[in-house]
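What follows draws every value from the coordinates through simple rules; no lab data is involved. The structure presented is a predicted model; accordingly, all values stated were derived computationally and were not measured. Methodologically, a virtual Cβ is constructed for each residue, glycine included, from the backbone with ideal geometry; neighbour enumeration extends over all protein chains shown.
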Amino acid sequence: MNMYFGILIIGVTVASFSQILLKIGANRPHVSLIRDYLNVPVICGYVLMALSVVCSMIAFRGLDYMSVPLMDALGFVLVPILSRLFFREGFTVRKTAGIALIVAGMIVYYL
């Protein structure tokens, strides 16, 4: 496996976890506008998102430019799975069909 491809997968996974942290921070009640943005889950989410951007930039160095946006679509698969694990959110038929279409498109592209 290409090292850059592994960095891209790590970056997409980190971005998915950052979205979960941002949702955790947004769901907490806050007493002021400043505390909406300056709490631990939100700050950690933004730091992870910045790390994800750095991973994507590194991946662009060694991968075809069509591969990077396609693998970024993996985040659309990981976020609902992580939401199920952390928030007990259910899978609707439409969400499952959308995830299946994304995975099918990735398989077709890489074959």
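Some notes on this structure:
- Residue match in segment 85-108 (condition: in contact (Cβ under 8 Å) with a residue 24 or more places away in the chain, buried (at least 17 other Cβ atoms within 10 Å of the Cβ), out of contact with any strand residue (DSSP E or B) (no Cβ under 8 Å at 6 or more places or on another chain) and under 20 Å from Leu21 (Cα atoms)): no
Yes/no per residue for (1) within 28 Å of Ile107 (Cβ to Cβ); (2) of a type in the set (A, V, I, L, M); (3) in contact with a helix residue (DSSP H, G or I) (Cβ under 8 Å, 6 or more places away or on another chain):
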{"site": "Thr13", "(1), (2), (3)": "yes, no, yes"}
{"site": "Asp36", "(1), (2), (3)": "no, no, yes"}
{"site": "Val40", "(1), (2), (3)": "no, yes, yes"}
{"site": "Cys44", "(1), (2), (3)": "no, no, yes"}
{"site": "Ala50", "(1), (2), (3)": "no, yes, no"}
{"site": "Cys55", "(1), (2), (3)": "yes, no, yes"}
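- Wholly enclosed helices (runs of 4 or more DSSP H) of segment 18-111 bearing at least 2 residues of a type in the set (Ser, Thr, Tyr) and closer than 22 Å to Tyr4 by Cβ: 40-62, 93-110
- Residue satisfying all of: in segment 2-61; more than 24 Å from Ala73 (Cα to Cα) and of a type in the set (S, T, N, Q); surrounded by the most Cβ atoms within 10 Å (Cβ to Cβ) among these: Asn39
- Test: Ile81 is loosely packed, with under 14 Cβ neighbours inside 10 Å, closer than 23 Å to Gly105 by Cα and hydrophobic (A, V, I, L, M, F, W, C): yes
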